[in-house]
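The values are calculated or read from the model by the stated rules, or taken from the named source; none is laboratory data. Keep in mind that what you see is a predicted model, and the values were worked out from it rather than measured. With ideal geometry, Cβ positions are generated from the backbone for all residues, glycine too; neighbour counts draw on all protein chains shown. The area values use the complete protein model at the heavy-atom level, side chains included, leaving out ligands, DNA and RNA. Shrake-Rupley method; radii C 1.70, N 1.55, O 1.52, S 1.80 Å.
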2 protein chains.
Amino acid sequence: MVNYNRRLDATFAALADPTRRAILMALMRGQSTVSELARPHRMSLPAVMKHLGVLQRAGLVSQKKIGRSRRCRLVARPLKNAEAWISQYRAFWEKQFDSLDRYLTESDK
Amino acid sequence: MVNYNRRLDATFAALADPTRRAILMALMRGQSTVSELARPHRMSLPAVMKHLGVLQRAGLVSQKKIGRSRRCRLVARPLKNAEAWISQYRAFWEKQFDSLDRYLTESDK
DNA sequence: ATATTAGTAAACCGTATGGTTAACTATAAT
DNA sequence: ATTATAGTTAACCATACGGTTTACTAATAT
């Protein structure tokens, strides 16, 4: 019954952390190295590296070692898939924003 | 720097589990009770209840007790917010699907 | 009144998550 | 050759997650 989609699991799990979302935001403004990505965060470098590992395993970040530093870039494809999954519900949330349904929702309380 | 958004955390975390996504799918087809939702899943009722608790705390499901059973319904608003967050990257993934960028991505390997 | 059904609560378990510090490797700069 | 920089690895810790079983309450049906 459950339609296993590990990739979607990994994508949503990766997005569930504010540090990781901030890293993706930073990467949207261009490629970065690990320490550039770490700088704004009040946590150790290894902690940031773990977040990068999660993002990489989710396929949201690709890395290439260049000399002693490491260039990270955003890979947006999994985001497209996540958005496609959520969009299945668009008709639903649009419906739920009309006043009749707001009334029905209130009746839950 | 990190823009804390606990609601988004909770939404994405809730979506990161296949059982919970299946429950939302079931609820898209209409309201259900706890045991109706549990039936297709090969796990105990308390396990399903925990998933429902996660969905409820994320604001994705509302419940109303009716007699001895409990009616669950989908609340789509958090999905709209999640989709809005992801959509920030749409320009990015559309850009990344043209062939030049596919070439650049390959150069990561 | 009793038995069944629907749901809840509590205790427990193994594993994952999100962080730390300390020690290390590899490259670059002086 | 030495030092500094960029990143990595390992060990550890507390808490959360996803499941279990067992025992319970509350409502309904007979």
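Inter-label distance, A:T33 to B:V34: 5.5 nm, where each label sits 7 Å from its Cα along the C-beta direction.
Remark: accessible area buried at the A-B interface is about 4400 Å², both chains counted, probe radius 1.4 Å.
Between A:E94 and B:K95, the FRET efficiency from the beta-carbon distance, with R0 = 25 Å, is close to 0.35. Exposure check, 1.4 Å probe, all protein chains in place: A:E36 carries approximately 90 Å² of accessible surface.
Of interest is the spacing of the C-alpha centroids, which for segment B:5-54 and segment A:16-75 amounts to 31 Å. The mean number of partner chain beta-carbon atoms within 10 angstrom of a residue's beta-carbon across peptide A:19-29 is 3.
In this structure B:K50 has an accessible area near 150 Å², from a 1.4 Å probe over the protein heavy atoms. With R₀ set to 41 Å, the beta-carbon distance separating B:K64 from A:R57 gives a calculated FRET efficiency near 0.55.
What separates the A:S44 label point from its copies, with the point 7 Å along Cα to Cβ, is 3.7 nm, written shortest first. Across the copies of the chain, B:R71 has label points (7 Å from Cα along Cα→Cβ) spaced 5.8 nm apart, shortest distance listed first.
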